[in-house]
Ligand code: FRU
């Protein structure tokens, strides 16, 4: 019983503690980033800050492939196997990632392409900037950088050099598409394009080569601000920093925007991050809300004219996002503490209930034991009576008492009755007479004696003996002048009081009343 109660409470504790955890269930959103860098760091911190921003909670985990496609494929496979609810991925390269994405989709996990795409149509949604538009906007800005004077001075067509990102990635392909289209509309410019790999070193190297070849570019458009720094380095080394105008993309507060402010670059494009929108889209998908499949984030061209204002705003936004992250951290810690508190309270309540149950069960067991002891005592008293009381009345008389249920005594039984009668008469006055002794005298065990006496008289030996003792006392009271006390002792009662009580139960009056 106690074990069952303990089991029951253990189940309650486990279920309650489990419920405690489920209550704050957050959707597990894994982010697979193709690379690191300021732009990625910004978007990552925006996603982390948005974990508790919406109605449902998100648990954002971020992995970075550091521009290594093999590594990203491995990361994606292991993330998908780790029980995530949704995958946000910015593929290093479009084509090689398609198969890994297909495996994630086959596992029933929604996939959001963020910023970059893989060459597959099997994805849940896309969110990011419009890179064709980015390229086109920068392309349209280029001619405004060349005054007619400058055009004349160059003595030929001004050279515009585009240094792309890795062309296996979707943003590089699309930016190039937008930019080259804009360049085609400008035959007065000499447009050349070289493939970079998103790194400043490679961009630096490309420009050095151009200068060596005597093909100094007038304008260099890099697919990110990181590469723009490489170009600036090459220009400075060649003492041409005033003659080469550099454009980039990303527009980070402490990178591109700063370079425009410093005059190293003539422009950059703020490529939108909006990590909080990515988390919102993920939660909409996970909670079954309606959502757009293609989500384009707005960016903007930054020039020396508007850079101060934009830089101010961006820094402010960055600061606020940092504050949000601090709040997130505190919230996480708070949730953790509340969770622990809840568990402690549940465990304490369950323990108290368990103790109360155990107490009740122990109490019940005690009462039951007492009752059993009392029953045993009563039985013992009866036995004692049997051993201590005696009767002068012959068994013959007892057997002859009217009792229709009893079979007529058999000869052997009569012999037994006479022997028993004699044995009882012999030992009657001994108050410590034991049933075993009486049985022994009759050549029987205690149990055999009980069965035999019960079969012949219909009474237990205890009942029979008490009756015989009282009958003898009755006779003595009538035929002698002995005191009640003397007679009580003579028939084997220990106390005259108890004798009187039994006598009255048997004959309806006290021994003293009979005397009178
Ligand atoms: C960072 C980055 C950015 C660029 C973007 C394109 O990894 O190279 O500089 O704008 O990726 O996806």
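The values are calculated or read from the model by the stated rules, or taken from the named source; none is laboratory data. These numbers were taken from a predicted model, which means no experiment stands behind them. Here the Cβ positions follow ideal geometry from the backbone for every residue, glycine too, while neighbour counts run over all protein chains shown.
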Original post:
Taking into account only those residues within segment 209-231 that are within 16 Å of the ligand (Cβ to nearest atom) and without any contact (Cβ under 8 Å) to a residue 40 or more places away in the chain, which is surrounded by the most Cβ atoms within 10 Å (Cβ to Cβ)?
Top reply: 230
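Identify all residues within segment 255-274 that are crowded, with 24+ Cβ neighbours inside 10 Å and closer than 19 Å to residue 126 by Cα; write none if there are none.
The answer is 271, 273.
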Subject >> Among (1) surrounded by fewer than 18 Cβ atoms within 10 Å (Cβ to Cβ); (2) modelled with pLDDT of 95 or more; (3) within 13 Å of the ligand (Cβ to nearest atom), the one test that residue 38 misses >> reply: (2)
Subject >> Members of segment 292-318 that are part of a loop (DSSP other than H, G, I, E, B), out of contact with any strand residue (DSSP E or B) (no Cβ under 6 Å at 6 or more places or on another chain) and surrounded by 13 or more Cβ atoms within 10 Å (Cβ to Cβ) >> reply: 306
Subject >> Which numbered condition residue 65 fails, given (1) surrounded by 17 or more Cβ atoms within 10 Å (Cβ to Cβ); (2) more than 13 Å from the ligand (Cβ to nearest atom) >> reply: (2)
Original post:
Applying the selection to segment 458-479, what residues are touching a residue at least 60 places away in the same chain (Cβ under 8 Å) and over 20 Å from residue 515 (Cα atoms)?
Top reply: 460, 461, 462, 463, 464, 465, 466
**OP:** Those residues that are within 16 Å of residue 304 (Cβ to Cβ) and more than 16 Å from the ligand (Cβ to nearest atom), I need them from segment 233-262; list them, please.
**Re:** 241, 242, 244, 245, 261, 262
**OP:** Can you confirm whether segment 84-92 contains a residue that is away from the ligand (no atom under 15 Å from the Cβ) and exposed (fewer than 15 other Cβ atoms within 10 Å of the Cβ)?
**Re:** no
Subject >> Selection within segment 97-135 - over 19 Å from residue 69 (Cα atoms), touching a helix residue (DSSP H, G or I) at 6+ places or on another chain (Cβ under 7 Å) and within 16 Å of the ligand (Cβ to nearest atom) >> reply: 127, 131, 132, 133, 134, 135
Original post:
Failed condition for residue 397, given (1) part of a loop (DSSP other than H, G, I, E, B); (2) at pLDDT below 85; (3) within 24 Å of residue 493 (Cβ to Cβ), with all others met?
Top reply: (1)
Original post:
Can you spot a residue in segment 312-334 that is more than 30 Å from residue 127 (Cα to Cα) and either out of contact with any helix residue (DSSP H, G or I) (no Cβ under 7 Å at 6 or more places or on another chain) or in the same structural domain as residue 43 (by TED's automatic domain parsing) (or both)?
Top reply: yes
**OP:** Any residue in segment 250-261 that's within 19 Å of residue 43 (Cβ to Cβ): show its pairings with residues that are in a loop (DSSP other than H, G, I, E, B) at Cβ separation under 6 Å, as long as the two are six or more apart or on different chains.
**Re:** 250/224; 250/271; 257/251
Original post:
So which of 61, 83 is within 22 Å of the chain's Cα centre (by Cα) and within 29 Å of residue 223 (Cβ to Cβ)?
Top reply: 61
